[in-house]
Amino acid sequence: MSNRDEFSAKTKAAVALRANHHCSFRNCPQPTSGPSDESPEAVNMIGKAAHIHAAASGRGARRYLASMTRKQRTDISNAIWLCATHADLIDRDEVTYSADVLRAMKAEHEKKCGERLSYALSVGEPSPDLIAIGPDIVFVGKFLGVESEVWSFHLESFIEGDVHTLITFADRYDETTTNDRYVLVNELGDGRALRAKPSVTRETTGGYTVRCPVFPSAARIPAADIPKSWALSDSHDLMTNNGNWAMVSGVDALPQQVKTCLSHQIGESPLYRDFGTRFAEYYNLLAGSLWLDRYLKLEVIRQAAIPYIAPTNNQQYTPFLCIERVFGIKILADTPTKNWLPISVDLSVKGLGRWQYDLSVFIPLEPIRRWSFDELLAGPFVRG
Ligand SMILES: [Zn+2]
């Protein structure tokens with residue numbers, strides 16, 4: 001095993017995204033391709049998540065800090081997105097390119113990227129449509145339409161994963177857990193569970209055509225039929241009413257249904273491991289970047305449109321129960337207050353129509369640990 005503290009694929013993808021796939025070096029005009037490049041011949045195009053403090057000690061290690069933990073060394077805060085030329089340059093001269101200089105460069109570049117994107121949005125430039133297929137593939141593309149329960153897309157560029165990830169997903173489709181078989185389309189505010197593996201065709205004009213056989217739209221219940229549950233107060237606690245635990249149901253239970261689902265991080269429950277969102281993961285990687293809203297919207301769509309299959313009884317339901325479409329979500333504060341991040345959701349609710357609501361989502365600061373099957377079998381609860 002390598003003793004270098006490398007970044008994870010997710011961290012690399014996030015650092016590239018935050019840099020808008022452009023080298024972060026002052027005034028470097030070099031656009032870069034994704035973290036896993038498709039055309040190795042275009043070497044100067046390859047972007048790199050470079051270490052600010054080196055991944056390992058030893059010869060050639062720059063800005064190495066022995067005091068750092070592995071976790072700190074592989075954290076996104078220790079990465080800067082650079083073209084191949086500048087990644088080499090900063091590793092040749094650690095006097096000029098000190099950690100502080102690199103961090104300032106990164107901050108300035110990310111700020112510029114944010115300003116550029118918000119300007120583009122303010123003048124009505126079409127924002128890139130994000131499409132997700134399963135948990136590891138997010139790309140920029142165009143929804144081409146629906147025919148015989150097949151959703152087709154033009155894939156322009158990958159944001160997370162690459163063509164290899166996509167083909168592997170299709171090849172190993174039968175081994176994929178059912179809860180990971182889905183397609184989510186930001187622009188539609190909707191998604192579908194996959195009925196069969198997607199097909200990928202390379203286009204001579206560039207990009208790919210992806211066809212996803214899908215199931216019909218999942219069943220939703222009217223908001224009035226949301227089952228009775230314990231009422232939660234604004235301070236996220238159980239409430240009492242005349243000494244009894246207060247209960248809510250139907251439309252009154254809708255805000256807490258949405259809040260509870262979004263606050264439940266995937267992997268948090270040992271038994272329902274696939275249940276929940278990736279809000280915390282995305283927040284930790286993309287906070288402060290305009291991409292965060294878009295990524296979180298994909299997760300909201302998933303909770304609204306993709307049926308969750310409970311491992312205990314195989315019952316299927318969409319986690320939000322009654323949300324038919326997601327128009328948008330907006331983050332209302334830069335940082336959570338005591339782990340609660342205020343957001344505004346704009347949804348279409350069965351039996352109620354369009355519904356806009358402000359609520360807070362719980363964001364744990366430490367990443368959620370996912371239990372493995374082995375650990376479950378070994379009985380983590382027994383050990384306490
Ligand atoms: Zn550069």
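The numbers here are math on the coordinates, done by the rules we state, and not lab data. If you're wondering where the values come from, they're calculated on a predicted model, not measured in any experiment. As a convention, Cβ positions derive from the backbone with ideal geometry for all residues, glycine included, and neighbour counts pool all protein chains shown.
Tabulated values for the structure
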| item | result |
| --- | --- |
| Cysteines in the chain lacking a second Cys C-beta under 4.7 Å | C113, C212, C261, C322 |
| Cα-centre dipole for segment 130-213 with unit charges at Cβ (Lys and Arg positive, Asp and Glu negative), debye to 20 | 160 |
| Charge-dipole axis of the chain as Lys and Arg at +1 and Asp and Glu at -1 on Cβ define it, positive-most pick from G161, A219, G243 | G243 |
| Magnitude of the charge dipole, the chain, Cβ model with Lys/Arg +1 and Asp/Glu -1, debye to 20 | 460 |
| Helix-only [θ]222 nm of the chain, DSSP H runs n ≥ 4, -39500 (n - 2.57) each, per residue, nearest 500 | -7500 deg cm²/dmol |
| Relative packing of 319-329, 92-102, 162-172, which averages over residues the other C-beta atoms within 10 Å, highest first | 319-329, 162-172, 92-102 |
| Euclidean distance between Cα centres, segment 1-33 to segment 140-196, Å | 24 |
| Amide H contacts of Y64 (H built 1.01 Å from N, under 5 Å, at least 5 apart or other chain) | A54 |
| Three-way shape call for the chain based on the alpha-carbon gyration tensor, with the a/c threshold at 1.5 | prolate |
| Partner lysines for K338 [C-alpha distance under 21 Å; skip if fewer than 8 residues away on the same chain] | K259, K330 |
| Burial order of peptide ranges 333-341, 188-196, 107-115, 206-214 (average beta-carbon count within 10 Å, highest first) | 188-196, 206-214, 107-115, 333-341 |
| Neighbour-count order for E160, E147, E6, fewest beta carbons within 10 angstrom listed first | E147, E6, E160 |
| Cα-projected label distance for T176 with S229, points at 7 Å along beta-carbon direction, nm | 2.8 |
| Cα gyration tensor shape for segment 251-295, rounded if a/c is under 1.5, else prolate or oblate | oblate |
| Cα lying deepest toward the dipole's positive end in the chain, options P311, Q72, G276, charges on Cβ | Q72 |
| Shape call, segment 223-383: gyration tensor on alpha carbons, a/c limit 1.5 | rounded |
| Value of relative contact order over the chain, rounded to a whole percent, pairs C-alpha under 8 Å and six or more apart | 12 |
| Separation between Cα centres of segment 282-356 and segment 55-126, rounded to whole Å | 30 |
| Among G191, V146, T204 - extreme Cα towards positive end, dipole of segment 130-213, charges at beta-carbon | V146 |
| The chain: most fluctuating residue of R26, R181, R294 per GNM, C-alpha cutoff 10 Å | R26 |
